[in-house]
Amino acid sequence: MIKTTIVGFGDSLTYGYGVPRNAGYVERLEKFMPQYFPNISWHICNSGTSGDTTREGLMRLEKNVLSFHPNIVFILFGSNDSAMNEKQFRSLEEYENNLKEIIVKIKNHNNRTGLNGCIPIPVLITPPPVREEVCAPVRTNNRLKQYGYIVKTLAKEYHCPLIDFFEQVISHENYYELLADDGLHLSEKGYDLLYDLVFAEITKLIDYQGVLKDWDKYEEEY
């Protein structure tokens, strides 16, 4: 049986802050992937840490991501990097450099399995918008767009799959219902959307026999 390891890597939005543990997108993958792809031995890890920025993420990359020998890594940072407070703010330049280093280290990690030529696939996710009447001036959507633009640029530069979560949320008929009362974290409906987007991306990467596609060939097809 093929073993495939997925890691959700990020801050509290990946961890699942403020919702029941089984509501987070990583936990839903853990529950449902074996049902949809039973011929794969799934190993799914939640490496989200509340309060993290890309700086802390980079520091714990080896222990919390690479040590699992992942095949697919979903990366979601930016909500804290863009926060205008002394503890968490990371400049656009640092955010880009940290994210670049995370992507490169993941792609250069040689796995123990031959899936995708032993090359892990980083999937980049743009940080979602906030409710500005609650979160501003510490967090604003204009600033989050700038960080999201970096994510989209790096996805093209390093040939990574991209989930534009910011656009998916803000274009929702009533995107406030996708956010928690604090205006920053996701509600259960927000995690419904994130899970659907992540699951859809995984199905693009896995063929009908349950084998992880070569990403470069997938990119040419789509």
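Things worth noting here:
- Filter result (farther than 30 Å from E94 by Cβ and not in a helix (DSSP H, G or I)) within the range 1-43: M1, I2, K3, T4, P20, F37, P38, N39, I40, S41, W42, H43
- In the range 174-203, the residues that are charged (D, E, K, R) and assigned to a helix (DSSP H, G or I): E177, E188, K189, D192, D196, E201
- Number of positions in the range 62-98 that are of a type outside the set (S, T, Y), more than 18 Å from I150 (Cβ to Cβ) and either over 15 Å from the mean Cα position of the chain (by Cα) or not in a loop (DSSP other than H, G, I, E, B) (or both): 10
- Flag for N110 being touching a residue at least 60 places away in the same chain (Cβ under 8 Å), over 30 Å from N174 (Cβ atoms), surrounded by fewer than 16 Cβ atoms within 10 Å (Cβ to Cβ) and not basic (K, R): no
- Within the range 142-201, being surrounded by fewer than 14 Cβ atoms within 10 Å (Cβ to Cβ) and of a type in the set (A, V, I, L, M) holds for one residue alone: A200.
- Flag if K105 is in contact with a Leu (Cβ under 7 Å, 6 or more places away or on another chain), over 24 Å from Q168 (Cβ atoms) and open to solvent by 60 Å² or more (accessible area, probe 1.4 Å): yes
- Selected residue (only one of S82, S67 is over 16 Å from T14 (Cα atoms), surrounded by 22 or more Cβ atoms within 10 Å (Cβ to Cβ) and of a type outside the set (K, R)): S82
- Among the candidates R55, R60, R90, the residue that is at pLDDT 95 or above, of a type outside the set (A, V, I, L, M) and crowded, with 18+ Cβ neighbours inside 10 Å is uniquely R90.
- Residues of the range 45-61 classified as assigned to a helix (DSSP H, G or I) and touching a Gly at 6+ places or on another chain (Cβ under 9 Å), total: 2
The values are calculated or read from the model by the stated rules, or taken from the named source; none is laboratory data. As the structure is a computational prediction, the values presented were derived from the model and not from experiment. Cβ: placed from backbone, ideal geometry, glycine included. Neighbour counts: every protein chain shown. These area figures cover heavy atoms from the full protein model, side chains too; ligands, DNA and RNA do not enter into them. Shrake-Rupley method; radii C 1.70, N 1.55, O 1.52, S 1.80 Å.
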